[in-house]
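The values are calculated or read from the model by the stated rules, or taken from the named source; none is laboratory data. These numbers come from a predicted model, not from an experiment. Backbone-built Cβ (ideal geometry, glycine too); neighbour counts: all protein chains shown.
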């Protein structure tokens, strides 16, 4: 990474502490400091309202999504961001207009291989298990590995032609906790494969919310529901779970109360970090 982005976050906690700060901003958007760098997931900052397919600039078709609540901050409030971890670029509830504008002033965006091609300069796609090393301020590196995810029920061959490709991320580094960012994943099979390679996890940032649409996959969930998120936490051996992607959009059918109930039923309530 260019030396211009090798910065310390002034108020960063001790990076050897697994409880590094994670700030949930709404929907899938999270800001966290890790190893001296500042990471942002799936940037969504546009106002509540109806949203259309990214290529429907004339809004000639029906809206595909409805945002019901604003982000807790604006892009101007974020300060410097070193890296965006973007699970995919094709849906406005993961990357909206404000988020796209933000990418232009972030040195590096990591995303799917297709997203890397679409977003151009500053974006890099990561294939399954492909890694990139980022320089840490003061020496050392952070390794970010792209990990598999499926945005719906079934196999990739069944899901990706309908809803597109997504990617998750695992962050590691000497003296640092192991972090998993799931992205819009609905597959516990993918979680098991990630746990085999990287588990146990110190922190798992799990996208949940049980989103679904009657016209897609017979109304089945396209990202984890609350019970599946609890099962994923158990599979990962996660010491801390930060749930996101469970508020702010009409197609999210489960919220934080459902997550608390599911984790309590699974005996994992003490793992939840609701901020």
Inset, instruction - Could you check how many residues of the stretch 220-234 are closer than 23 Å to residue 271 by Cα and in a loop (DSSP other than H, G, I, E, B)? - result: 3
Legend entry - Qualifying position, being part of a helix (DSSP H, G or I) and either touching a strand residue (DSSP E or B) at 6+ places or on another chain (Cβ under 8 Å) or closer than 20 Å to residue 81 by Cβ (or both), among 168, 138, 116: 116
Inset, instruction - Go through (1) surrounded by fewer than 24 Cβ atoms within 10 Å (Cβ to Cβ); (2) touching a strand residue (DSSP E or B) at 6+ places or on another chain (Cβ under 8 Å) one by one and return the number of the condition residue 212 breaks. - result: (2)
Inset, instruction - Please enumerate the residues belonging to the stretch 172-219 that are in contact (Cβ under 8 Å) with a residue 40 or more places away in the chain and assigned to a strand (DSSP E or B). - result: 179, 180, 181, 203, 205, 207
Inset, instruction - Find all pairs meeting these conditions: Cβ atoms under 6 angstrom apart; at least six residues apart or on different chains; first residue within the stretch 35-62 and on the phi > 0 side of the Ramachandran plot and modelled with pLDDT under 65; second residue surrounded by 13 or more Cβ atoms within 10 Å (Cβ to Cβ) and in a loop (DSSP other than H, G, I, E, B). - result: 59/52
Legend entry - Which listed residue, of 31, 65, 103, is modelled with pLDDT under 90 and surrounded by 15 or more Cβ atoms within 10 Å (Cβ to Cβ): 65
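Looking at the stretch 147-171 only, could you name the residues that are within 14 Å of the chain's Cα centre (by Cα) and touching a residue at least 40 places away in the same chain (Cβ under 8 Å)? Explain how you work it out, then say what you get.
Kept after step one, since they are within 14 Å of the chain's Cα centre (by Cα), are these residues of the stretch 147-171: 147-151, 165-171.
Within the stretch 147-171, 147, 148, 149, 150, 151, 165, 166, 167, 168, 169, 171 qualify.
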Inset, instruction - Being part of a loop (DSSP other than H, G, I, E, B) and in contact (Cβ under 8 Å) with a residue 40 or more places away in the chain is the filter here, so list the residues in the stretch 235-260 that pass it. - result: 237, 238, 239, 245, 247, 248, 250, 251, 252, 253, 254, 255
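If I go through the stretch 144-161 residue by residue, how many of them are closer than 14 Å to residue 198 by Cα and at pLDDT below 95? Step through it out loud before you land on a result.
Taking the stretch 144-161 first, the residues closer than 14 Å to residue 198 by Cα are 144-148.
Now narrow it down to the ones that are at pLDDT below 95: none.
Qualifying residue count, the stretch 144-161: 0.
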Inset, instruction - Give the number of residues within the stretch 119-135 that are surrounded by fewer than 16 Cβ atoms within 10 Å (Cβ to Cβ) and part of a strand (DSSP E or B). - result: 2
Inset, instruction - Give the number of residues within the stretch 149-164 that are in contact with a helix residue (DSSP H, G or I) (Cβ under 6 Å, 6 or more places away or on another chain) and either at positive phi or surrounded by fewer than 20 Cβ atoms within 10 Å (Cβ to Cβ) (or both). - result: 2
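Could we say that residue 141 is within 16 Å of the chain's Cα centre (by Cα), at pLDDT 95 or above and surrounded by fewer than 24 Cβ atoms within 10 Å (Cβ to Cβ) here?
Working: within 16 Å of the chain's Cα centre (by Cα): no; at pLDDT 95 or above: yes; surrounded by fewer than 24 Cβ atoms within 10 Å (Cβ to Cβ): yes.
For residue 141, the condition - within 16 Å of the chain's Cα centre (by Cα), at pLDDT 95 or above and surrounded by fewer than 24 Cβ atoms within 10 Å (Cβ to Cβ) - is not met.
Is it true that residue 153 is in contact with a strand residue (DSSP E or B) (Cβ under 9 Å, 6 or more places away or on another chain) and assigned to a loop (DSSP other than H, G, I, E, B)? Talk me through it step by step, then tell me what you get.
On the way: in contact with a strand residue (DSSP E or B) (Cβ under 9 Å, 6 or more places away or on another chain): no; assigned to a loop (DSSP other than H, G, I, E, B): yes.
Against the criterion (in contact with a strand residue (DSSP E or B) (Cβ under 9 Å, 6 or more places away or on another chain) and assigned to a loop (DSSP other than H, G, I, E, B)), residue 153 does not qualify.
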